[in-house]
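Notes follow the structure.
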Amino acid sequence: MEEELKCPVCGSLFKEPVLLPCSHNVCLPCARNITVQTPEGDAPVPSRASGSSDYDYLDMDKMSLYSETDSGYGSYTPCQLKSPNGVRVFPALVPHPHRHCSLTCPLCHRSVSLDERGLRGFPRNRLLEAIVSRYQQNRAASINTTTTTSSSSSGAIKCQLCDRNPVDATVMCEQCDVYYCSSCQQRCHPSRGPLAKHRLLPPQSQAAAAAGAEGAGGPGPPATARKPATCLDHEAENFSMYCCSCRAPVCMKCLEEGKHAKHEVKTLPMMWKQHKCQLSQALNGISDKAKDAKEFLVLLKNLLQQIQENGVEFEACLVAQCDSLIEALTRQKAKLLTKVTKEKEYKLKVVRDQITHCTMKLRQTTGMMEFCLEVLKENDPSGFLQISDALIKRVASSQDQWVKGALEPKVGPDFDLTVSTDSLLQTILQLDFCQGKVESGPPVPVAPLLQLEKCCSRNNSATLAWRVTAPCTSPIEGYILELDDGNGGQYREVYVGKETVCTVDGLHFNSSYNARVKAYNAIGVGPYSKTVVLKTSDASKSNEEKKVVAWFTFDPSSAHRDIVLTNENQTVSCNSYDDRVVLGTAAFSKGVHYWEVSIDRYDNHPDPAFGVARINTVKDMMLGKDDKAWAMYVDNNRSWFMHNNSHTNRAEGGISKGANVGVLLDLVKRTLTFFINKQQHGPTAFDNLDGVFVPAISLNRNVQVTLLTGLEVPKNIKQ
């Protein structure tokens, strides 16, 4: 509470506080110090830029208050002072009949003009003055109790700032409530700067004052009642009414002849009780907030401890995980080194054996050559002819041993071992904490979505377009588009950049290319998109434009829980006797699309339904019974078209095991047509289709089907 009882100018407890129109209080002496005089007719002088004092808004030449002949009071040189609270003030100015006086509140900086009464025009805050008096008496009693205990034990008041063996205090600061010895007072409380205004008293005087207060009746207000407050305009009259318009107490003369004559007034006791009630209610509300704030502080302190403990635990876990990775890498390094050692020893053994073998053959060949040379030196024809045939055969046979490859090394110096660490190094560099909260976003971009309606091929070129479906915490820096070789081979990068549309030229005619795309940012590379197949034109029909062929499967995430998917989500069956719906993974809004469903199992003549639906269609009943699905349901003899539970166009002919049901969705003509075994079944089922459609099927446990996609559009279509 002490902060509420200190003057914002001098920083000490209020002395004769006056109430400003802005409801803030200042001491009366401080109000004199911050009063500013300006000549009549001068405009208000604005305050300076931020960083300067709130009251430093008059230049030195303007503060001269004109010359001696002008003022009539002699020359005046302004001297700025700084209060202990850090606010610059001006000394009290000498009033002048031709000058305008104003005062600026040190808290809200609101300026107010003084009338002819000057500072007497501000009401005295007697309530605040009484509270300050009670506070001083309570503090004096507390100090007296402390000093009495200290005096009884040591005989004198001790300095409160001595580190060891405190000595007797010589002074006591009235504002600081601290006892100082001479040394500590010179060191910690010098009589200069902001502390120059503090009042230093002998400790005995303070103790005596406290004892006197206690003897006079102890802490608290005086026993006699305070003098009633009088009206500022009529000093002989006490306040008896309250003006609701001016929000101020008034006397009876103010109502009769003053400016409050026509204002709404109420009795002072009634307004006193009413405002007390309002203040009590407001205190109850702020008390609840204070209680919540205390509980919140306890929560924050507990949170500090939890963060500290979790941080230590998390650091230990991280170190353990990294050490585990290092240990695994060390073990793998030892295994790889063992393989390198074995490969090296094998190569060395092969080369050494080849050296030994070649050395032996070379020695034999060299010996035979030397023998042949000696034979050639002989001059005996008969002796030469006796061995010449055998010797020629032997030399020829020896020459045949040095065939092609005999003088080539069986192994090379290079090792047939290759270690690719690029992907592992990239993974290590991308190692980061996965954010568990959804709002933080994925650490790398999500897989882009290829826009089938914008993808097409023309002649031997293909155009692909894609978009990102979810935002990422780190901005996407670019995309990587990959195509295979047109024959199901390996993928290769054909485009890297920021664009979301790319045309690839120079492809083979009459080939099917698989395309996929992924995004990357500063964190790393995201996953691939779903693959799309593009067929280039036949060389003989190079001018014919081909449509993109959609490949998709059944979607397990949106299927009913009774649906069972196998064969990489291409084969579907059901665990229930009731019809259940499963959707495809593709969604179409443009273009012409055709797919088929092969009947793998068909028992007890059920009636499965095939068609398209919205993504939010009902999943626990036959397809087409709500307004979000368009379907054909068929049994072993006949079929019907159904939308919004309306059955139309019965057609003879059904399905059996091994049959194929085709669905043609033409969003150019906005029609839906069905086929059985490559033949159109019935007329065009639905027209005027608009929006986004997903392939859909409903079936029960008596049926199992397999999805066939990427098919050419049938040509035998009835109008």
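Before moving on, here are some points about what is shown:
- Between D400 and D115, the distance separating the two model label sites (each 7 Å from Cα on the Cα→Cβ line) works out to 14.2 nm.
- Relative protection proxy for 699-710, 289-300, from highest mean packing down: 699-710, 289-300 (other beta-carbon atoms within 10 angstrom).
- Among the trypsin sites (Lys or Arg not before Pro) found in the range 608-665, those both in a DSSP coil and sparsely packed, with 13 or fewer other Cβ atoms within 10 Å of their Cβ, are K657.
- Since only Q321, F384, A290 are under comparison, the one whose Cα sits farthest along the positive direction of the charge dipole of the range 276-401, derived from C-beta charges on Lys, Arg, Asp and Glu, is A290.
- Restriction of the trypsin sites (Lys or Arg not before Pro) in the range 557-604 to DSSP coil positions whose beta-carbon has at most 11 other beta-carbons within 10 angstrom yields R561.
- Per residue, the convex hull spanned by the Cα atoms of the range 261-415 amounts to 228 cubic angstrom.
- Largest-first principal axis extents, alpha carbons of the range 563-708, Å: 36, 31, 26
- Most tightly packed first, judged by the mean number of other beta-carbon atoms within 10 Å of their residues, the peptides 275-285, 661-671 read 661-671, 275-285.
- Since only F588, N604, L565 are under comparison, the one whose Cα sits farthest along the positive direction of the charge dipole of the range 563-608, derived from C-beta charges on Lys, Arg, Asp and Glu, is F588.
- Relative to the current alpha-carbon distance between D603 and H275, full extension at 0.36 nm per residue lengthens the span by 109.5 nm.
- Annotation: amide H-H contacts under 5 Å for T35 (H modelled 1.01 Å from N, sequence separation of 5 or more, or interchain): none.
- Looking at the range 320-413, the trypsin sites (Lys or Arg not before Pro) that sit in a DSSP loop and have at most 10 other Cβ atoms within 10 Å of their own Cβ are K404, K410.
Each value in this text was obtained by applying a stated rule to the coordinates, not by laboratory testing. Note that the structure is predicted; figures quoted are calculated from it, not measured. For neighbour counting, all protein chains shown are included, and Cβ atoms are generated from backbone atoms with ideal geometry for every residue, glycine included.
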